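Asks: Please find one structure pasted underneath; my questions will follow.
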Amino acid sequence: MFSLRHVPAGLVGAVSLVLAGVSHAQNASETDTEGLKIRFQGGVNAVAERNLFWRFGETVAHAEDFESDTEWLEAYVKPGLSYTRTTDSGATLYGGLSAVGSWTAGADAFGTGDTGRVTLEEAYAGVRFNRAGFDFDLSAGSQEFEAGTGMHLSNGGSNGFTRGALKLGPRKAWAMAVLARAKRGDVSGTAFYLDPNSAPDNDNGTRIAGVDVRYDPRPHTYFGATIGTVLESTAPYPVAAPGGIGVPSILENGRDGLTFVDLYMRAKPFAETLPGAFVVAELSVQSNDRIDMRAWGGRAWAGYDFNHRWKPSFGFGYQTFSGDDPNTARLERFDPLYYEGNPKSWSTGSKSSMVFINSNVASWNAGFSLSPTPRDKLSLQVSRILANERLSPIQFGQATRVEVEDGIANPISGVTRRHLSDDVYLEYMRVVTPNVYLTAGFSVSVPGPGINSIVTEVDAPVWSGGFVNLIVNY
């Protein structure tokens, strides 16, 4: 069990001090459009989990000291400064500086707790100006950046483990992001160079460069493309054993040289007859000739936003990410890179997304939301999650085990049945004030035949959990 006495006094004090000064800074920013401004973000989150990872820690990993039922408390503060000034020539100079202090009290989902760190989050400078009808924006430093819809590049900072705040995930900025943006009319483009803010014990030296181009002809409609390449990386890739029989091998420096082309769009094809209808589609193709790799991923989604005071919205879709086919010499495993993994974006399921990254998985998804009042929103998401390739890694060597068939013991990896799990996620959000948000959520993951094929003695149990958090953002 967690206890508030485990939270450092310095962190609590920092929250109090910054909150005390926020109201003054906010009042000043309402009248001052330029100059120095104080910014603040912070949050606290209480989490409880039951039958974590379908109790694989006990039944598969045989980790007797791993707690499959746990509760923990996490918190963070993110104070910062921003500066904006317009020169006599019309150019706008800007910059920002912020830090994150985060903490976890009690053991989190990965058995890490009573730990946290204070790290630099943002430290950037830039200039905006207009020339020949183009709006230009050049910036460099530690800052946030998302390419396209966040399928590949969004979360530049790592969270959890020694840094704490696993679920809140307050770090998003890249350690270095050099961005050159240009816009004219409905067309915009960004050239980027990215260095992730990885935890020191998990830094694989990945560096990425590319360009994102987007066309926004009307509100809620866009067409875009992201093209990128991994300039260098030591991140390894798992490779399925031939025929799926045997232990997966590890390809060192597999990510080095990866290239990807991602096409994405959102449109309202029946704007006159069905004004609330919309469709979303995305397709990414990855390749790396150095290691004979070809992989792909994407999604298709259709929905409808109803014209009602409660703003009901419904959508249904499918997303998929290729896995390594154990019957070919080529590597087909999709690399999700630094994707946006919250349940409303690119996660595969809710609970299951803590186990499966976007590689060798697919999911059918349905979502519904409504807002009974302007300050309250209720949403429901349901996902059926599948493995694309059987007997192939879903994670690094996940579920590698020995199975006996016809009296012969064979080591295998992955799953023998495609249906992995069914996830249900219910969330309620309340806008307490324009700067304070309360969110509560509950989710369950019902194991399917694929998950049960890993457990030899009894079927895996239902994994459930919930949270309540409060976020302050000024």
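Asks: Can you tell me the accessible area per residue over the range 291-333, all protein chains present, probe 1.4 angstrom, in square angstrom?
Replies: With the other protein chains kept in place, the range 291-333 gives 54 Å² per residue.
Asks: Any idea of residue 390's accessible area? Nearest 10 Å², probe 1.4 Å.
Replies: For residue 390, the solvent-accessible surface is approximately 130 Å².
Asks: Using a basic spin-label model with each label point 7 Å from the Cα along Cα→Cβ, how many nm lie between residue 281 and residue 209?
Replies: Distance between the two pseudo-spin positions: 3.3 nm.
Asks: Then there's this: Sorted by accessible area (1.4 Å probe), largest first, how do 347, 353 line up?
Replies: Per-residue accessible area, sorted high to low, gives 353, 347.
Asks: Which percent of Cα pairs goes in each bin when the distances of the range 166-211 are cut into 5 angstrom slices starting at zero?
Replies: Going from the shortest bin to the longest, the percentages are 5, 17, 20, 20, 14, 12, 7, 3, 1.
Asks: If you don't mind, there's one more thing I want to ask. For residue 426, what is the net charge nearby, where nearby means another residue's Cβ is under 15 Å from its Cβ and Lys, Arg count +1, Asp, Glu -1?
Replies: In short, 0.
Asks: Moving to a separate point now. As an exercise, take the mean of 1/r over every pair of distinct alpha carbons in the range 214-350, invert it, and state the Kirkwood radius in angstroms. Could the numbers behind the result be given before it?
Replies: Working: mean 1/r = 0.0578 Å⁻¹.
By the Kirkwood definition, the hydrodynamic radius is 17.3 Å.
Asks: Further question: Just flag the chymotrypsin sites (Phe, Trp or Tyr not before Pro) in the range 189-287 sitting in loop per DSSP whose Cβ has no more than 14 other Cβ atoms within 10 Å.
Replies: Here the sparse-neighbourhood loop sites are 270.
Asks: Helix 9-31: angle to the longest alpha-carbon principal axis of the chain, degrees 0 to 90, nearest 10?
Replies: 40 degrees
Asks: Sticking with this structure for a sec: Probe radius 1.4 Å, ligands and nucleic acids left out: which of 301, 72 has the largest accessible area, and how do the rest follow?
Replies: In descending accessible area the options line up as 301, 72.
Asks: Checking a compactness column here: for the range 216-256, what do you get for Rg(Cα) / (2.2 N^0.38 Å), N being the number of residues?
Replies: Working: Rg = 18.5 Å, N = 41, 2.2 N^0.38 = 9.0 Å.
Its radius of gyration relative to the 2.2 N^0.38 Å reference: 2.05.
Asks: Greater than 30 Å separation of Cα atoms is the criterion. Which listed pairs, 172/377; 37/268; 37/172; 78/311; 183/344, meet it?
Replies: Table pairs above 30 Å Cα-Cα are 37/268; 78/311.
Asks: Averaged across orientations, what area in nm² does the convex hull of the alpha carbons in the range 88-167 project? The partial results should precede the final answer.
Replies: On the way: hull surface 29.4 nm².
That works out to 7.4 nm², a quarter of the Cα hull's surface.
Asks: Quickly work out the residue 234-to-residue 86 label distance, labels modelled 7 Å from Cα along the C-beta direction, and quote it in nm with one decimal.
Replies: Label-label distance for residue 86 and residue 234, simple model: 4.9 nm.
Asks: Give, as a single signed number, the net charge of other residues whose beta carbon lies under 12 Å from the beta carbon of residue 376, with Lys and Arg counted +1 and Asp and Glu -1. Please list the in-between numbers first.
Replies: Working: positive: 311, 375, 377, 430; negative: 427.
Cβ neighbours under 12 Å give a net charge of +3.
Asks: Same structure, new question: Beyond 21 Å, what share of the Cα-Cα pairs of the range 26-127 remains, rounded to the nearest whole percent?
Replies: Values: 2900 of 5151 pairs.
Value for the range 26-127 (Cα pairs over 21 Å): 56 percent.
Asks: Does a label point 7 Å from the Cα of residue 271, set along Cα-to-beta-carbon, have any residues of the range 287-329 with amide nitrogen under 18 Å, and which are they?
Replies: Residues 303-307 fall inside that zone.
Asks: Now for a different question. Tally Lys and Arg at +1 and Asp and Glu at -1 over the other residues with C-beta under 15 Å from the C-beta of residue 230: what net charge comes out?
Replies: On the way: positive: 207, 255, 290, 333; negative: 195, 203, 232, 252, 256, 262, 289, 335.
Around residue 230, the surrounding residues sum to -4.
Asks: Determine how large the accessible area of residue 344 is when every protein chain is in place; take a 1.4 Å probe and give Å² rounded to the nearest 10.
Replies: Residue 344 exposes around 120 Å² with every protein chain in place.
Asks: Please report the Cα spread of the range 303-364 along all three principal axes, rounded to whole Å, starting with the longest.
Replies: Answer, in whole Å and largest first: 55, 20, 18 Å.
Asks: Let me ask another. Using only the Cα atoms of the chain, each taken as one equal point scatterer with no solvent, compute I(q) by the Debye sum, divide by I(0), and report log10 of the ratio at q = 0.09, 0.10, 0.12 Å⁻¹.
Replies: Debye intensities relative to I(0), on a log10 scale: -0.68, -0.85, -1.26.
Asks: Using a probe of 1.4 angstrom, how much of the accessible area of the chain is carbon and sulfur, in percent?
Replies: 59 percent
Asks: Among 232, 74, what's the order by accessible area (1.4 angstrom probe), most exposed first? Don't skip to the answer; put the middle values down first.
Replies: Working: 232 100, 74 0 Å².
Descending accessible area places them as 232, 74.
Asks: Okay, moving on. Keeping all protein chains in place, calculate the accessible area per residue for the range 101-188 (probe 1.4 angstrom), answer in Å².
Replies: 39 Å²
Asks: I would also like to ask the following. What residues of the range 420-436 lie in the reach of a label at residue 375, counting those whose backbone N is under 14 Å from a point 7 Å from the Cα along Cα→Cβ?
Replies: Answer for this model: 429-436.
The values are calculated or read from the model by the stated rules, or taken from the named source; none is laboratory data. Fair warning: this is a prediction, and the values are worked out from it, not measured in the lab. Don't worry about glycine lacking a Cβ; one is built from the backbone with ideal geometry, like all the others, and counts go over all protein chains shown. We work out accessible area using only protein heavy atoms, side chains counted, and drop any ligands, DNA or RNA first. Shrake-Rupley method; radii C 1.70, N 1.55, O 1.52, S 1.80 Å.
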